[in-house]
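Undergrad: Once you've had a glance at the structure underneath, I'll fire off some questions.
The values are calculated or read from the model by the stated rules, or taken from the named source; none is laboratory data. Quick caveat, the model's predicted, so the values are computed rather than measured. Positions of Cβ are backbone-derived with ideal geometry, glycine not excepted, and every protein chain shown enters the neighbour counts. Quick note on the areas: whole protein, heavy atoms, side chains included, nothing else; ligands and nucleic acids left out. Shrake-Rupley method; radii C 1.70, N 1.55, O 1.52, S 1.80 Å.
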Amino acid sequence: MYAAIAEIIIENEKNDYRFESFTREICEKHEGVTFVPTSQSWDRGRDARATAPGRGSHRNLICATVNKDVNAKADTDLLRVTATSSPDRLIYCSSQKLSEEKVDEIDKIIRRHIPSGSVLVLGGIQLANLAEKYSDIFEKHYHAEIQALRSTILTSSSGAGAPTRGLRLALIAFGSDEATALRHEILHNSILEFSEDGQPHTTTEFTKAFSTDLGLPRSMRNDPMARAMST
């Protein structure tokens with residue numbers, strides 16, 4: 001569930017500098033390589049570079065973009081990078097959700113400019129997965145967005161439909177220190193909404209309705225619902 005929330009936030013990113021900083025730190029953690037930032041202007045297409053020496057001009061380089069036209073941006077970026085660089089490994093990060101077909105297309109574009117060396121393409125789906133694994137880094141860069149989303153989801157409004165309830169429940173498994181308390185509060189607030197019709201409902205009825213909202217293939221367990229109903 002955390003990855004799904006991270007994917008939404010990443011895909012809607014508009015701040016180039018923040019996205020570059022986030023990808024630099026997340027790739028550093030994942031790759032086990034120290035990356036340093038580059039200048040915000042005249043960076044020659046390099047958004048981060050490794051400090052260790054390489055066979056080429058650099059051991060590792062990161063290119064990051066929030067541009068929606070990924071293919072055209074990749075071509076432009078790589079022209080700039082390869083004019084002055086020959087990295088041993090290039091990591092290309094896009095905030096957009098990329099299909100595997102699109103990833104392969106971008107990989108081909110990169111290899112036209114960098115025929116040798118290692119290439120890794122990370123789209124919004126893959127970056128969201130890494131955000132879940134290294135949630136401290138994600139929350140450091142997107143704390144305000146996460147808090148705003150939590151506030152929206154936890155705010156109860158009468159007459160909320162299934163999509164709204166489903167969105168609230170999407171944070172049940174949110175990977176943070178207060179996850180248990182957050183999960184209980186989401187369930188409790190949602191129960192109050194379902195009870196607005198004034199009719200008595202059993203734990204099983206609540207559980208079945210919540211599971212339907214989440215699109216689960218089978219109903220969730222009754223015990224979390226029962227605990228929330230008892231408060």
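Undergrad: Among the listed residues Tyr142, Tyr92, which satisfies the condition of being at pLDDT 65 or above, within 30 Å of Asn67 (Cβ to Cβ), hydroxyl-bearing (Ser, Thr, Tyr) and out of contact with any strand residue (DSSP E or B) (no Cβ under 9 Å at 6 or more places or on another chain)?
TA: Step by step, each of Tyr142, Tyr92 is checked, and only Tyr142 is at pLDDT 65 or above, within 30 Å of Asn67 (Cβ to Cβ), hydroxyl-bearing (Ser, Thr, Tyr) and out of contact with any strand residue (DSSP E or B) (no Cβ under 9 Å at 6 or more places or on another chain).
Undergrad: Testing Gln126 on (1) part of a helix (DSSP H, G or I); (2) open to solvent by 50 Å² or more (accessible area, probe 1.4 Å), one condition comes back false. Which one is that?
TA: Every condition holds for Gln126 apart from (2).
Undergrad: Among the residues of segment 1-19, count how many are under 14 Å from the mean Cα position of the chain (by Cα) and assigned to a helix (DSSP H, G or I).
TA: Qualifying residue count, segment 1-19: 12.
The rows are residues; the columns are (1) surrounded by 13 or more Cβ atoms within 10 Å (Cβ to Cβ); (2) within 22 Å of Ala4 (Cα to Cα); (3) at pLDDT 70 or above.
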{"site": "Ile191", "(1), (2), (3)": "yes, no, yes"}
{"site": "Phe194", "(1), (2), (3)": "yes, no, yes"}
{"site": "Gln199", "(1), (2), (3)": "no, no, yes"}
{"site": "Thr202", "(1), (2), (3)": "no, no, yes"}
{"site": "Asp213", "(1), (2), (3)": "yes, yes, no"}
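Undergrad: If a residue has to be open to solvent by 50 Å² or more (accessible area, probe 1.4 Å) and either within 14 Å of Leu90 (Cα to Cα) or modelled with pLDDT under 90 (or both) to count, how many in segment 1-16 make the cut?
TA: Within segment 1-16, the first condition is being open to solvent by 50 Å² or more (accessible area, probe 1.4 Å), and the residues that meet it are 1, 4, 8, 11-12, 14-16.
Still in the running and either within 14 Å of Leu90 (Cα to Cα) or modelled with pLDDT under 90 (or both): 1, 4, 8, 11-12, 14, 16.
The total comes to 7.
Undergrad: Identify, by number, the condition in (1) at pLDDT 90 or above; (2) surrounded by 19 or more Cβ atoms within 10 Å (Cβ to Cβ) that Glu101 doesn't meet.
TA: Every listed condition holds for Glu101 apart from (2).
Undergrad: Yes or no: Ala50 modelled with pLDDT of 75 or more, among the hydrophobic types (A, V, I, L, M, F, W, C) and open to solvent by less than 50 Å² (accessible area, probe 1.4 Å)?
TA: yes
Undergrad: Does segment 92-108 contain at least one residue that is part of a loop (DSSP other than H, G, I, E, B) and among the charged types (D, E, K, R)? Please lay out each step first, then the result.
TA: Step one: list which residues in segment 92-108 are part of a loop (DSSP other than H, G, I, E, B), which gives 95-99.
If we keep only those that are among the charged types (D, E, K, R) as well, we get 97.
Yes: one or more hits.
Undergrad: Give the residues of segment 106-118 that are of a type outside the set (Gly, Ala, Ser), out of contact with any Phe, Trp or Tyr (no Cβ under 7 Å at 6 or more places or on another chain) and open to solvent by less than 70 Å² (accessible area, probe 1.4 Å), sorted by residue number. Explain how you work it out, then say what you get.
TA: Initial filter on segment 106-118 (of a type outside the set (Gly, Ala, Ser)): 106-115.
Now narrow it down to the ones that are out of contact with any Phe, Trp or Tyr (no Cβ under 7 Å at 6 or more places or on another chain): 107-109, 111-115.
Once the filter is applied, which keeps residues that are of a type outside the set (Gly, Ala, Ser), out of contact with any Phe, Trp or Tyr (no Cβ under 7 Å at 6 or more places or on another chain) and open to solvent by less than 70 Å² (accessible area, probe 1.4 Å), segment 106-118 yields Asp107, Ile109, His113, Ile114.
Undergrad: Determine whether segment 148-166 contains at least one residue that is open to solvent by less than 30 Å² (accessible area, probe 1.4 Å), modelled with pLDDT of 80 or more and not in a helix (DSSP H, G or I).
TA: no
Undergrad: Quick one: what pairs do we get from segment 96-111, first residue of a type in the set (Lys, Arg), second part of a helix (DSSP H, G or I) and at pLDDT below 90, C-beta under 6 Å, 6+ apart or different chains?
TA: So the pair list comes out as Lys97/Glu11.
Undergrad: Restricting segment 63-91 to residues that are in a helix (DSSP H, G or I) and β-branched (Val, Ile, Thr), which is nearest to Phe35 (Cα to Cα)?
TA: Step one: filter segment 63-91 for residues in a helix (DSSP H, G or I), giving 70-84.
Still in the list and also β-branched (Val, Ile, Thr): 70, 76, 81-82, 84.
Values: Val70: 23, Thr76: 22, Val81: 16, Thr82: 19, Thr84: 18 Å.
Only one residue tops the list, namely Val81.
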